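The values are calculated or read from the model by the stated rules, or taken from the named source; none is laboratory data. Note that the coordinates shown come from a computational prediction; the quantities given were computed from them, not determined experimentally. In this analysis, Cβ positions are derived from the backbone assuming ideal geometry, glycine residues included, and neighbour counts consider all displayed protein chains. SASA here: full protein model, heavy atoms, side chains in, ligands and nucleic acids out. Shrake-Rupley method; radii C 1.70, N 1.55, O 1.52, S 1.80 Å.
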Amino acid sequence: LFVAEFEETPCGLVSGHADDKGIGHIGAMWVSPEFRGKGIGRALLKQVLDYLLDLGCQQVLLTVTETNQIAIKLYRNLGFRMTGSYKPLRKGSELKNLEMVSE
C-alpha cells in the first residue's frame, strides 16, 4: 500500500500485489477530491508500477468502473489498454468494472 500525503494528511492511496504467476494486480486506487488533477494519481500509479516491476511482474492488471473516464485516461496514458473483459461493479449493478492490462 502506497499513501500520498500533503502536510502529513493522507490525500491518496494505491495498493498492489503480485500473484503466484508473477502477474501484478493494482487494487485500491483513490485520490481525495480536493487533490485530484494535481498529478497525485499519476505519481501513486508510477510508484506501485515500479514496485511491481521490481518484483519481476511482466504484466499488471487492474479494473476501473466504466464511468470513471478520468481514471481510464490516466491508465491509458501510463500504458494500459482494455482487455475486453469486465465484471459487474457489484451484485445487481448494471455498471461494469472494466479490466485493463499494462503493455
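Where only DSSP H runs of four or more residues are counted, the chain gives -7000 deg cm²/dmol as its mean residue ellipticity at 222 nm, each run worth -39500 (n - 2.57). Per-residue surface analysis assigns Leu1 an accessible area of about 140 Å², computed on protein heavy atoms at 1.4 Å probe radius.
The length gained on full extension between Asn77 and Ala43, counted as 0.36 nm times the residue separation minus their Cα-Cα distance, comes to 11.0 nm. Computed with a 1.4 Å probe over protein heavy atoms only, the accessible surface of the chain comes to 66 Å² per residue. Taking the dipole about the Cα centre of the chain, with the C-beta of Lys and Arg at +1 and of Asp and Glu at -1, give me whichever of His17, Leu52, Met82 is farthest to the positive side. Highest projection toward the positive end goes to Met82. Charge dipole of the range 57-103 (Cα centre as origin; +1 on each Lys and Arg Cβ, -1 on each Asp and Glu Cβ, all else neutral): 100 debye, rounded to the nearest 20. For Glu66 and His17, the FRET efficiency from 1/(1 + (r/R0)^6), where r spans their Cβ atoms and R0 equals 25 Å, is about 0.55.
Of the residues Leu74, Leu55, ranked by 1.4 Å probe accessible area with the largest first, the sequence reads Leu55, Leu74.
Measuring only protein heavy atoms, the 1.4 Å probe finds His17 accessible over about 100 Å².
Between Val3 and Glu94, the FRET efficiency from the beta-carbon distance, with R0 = 41 Å, is close to 0.80.
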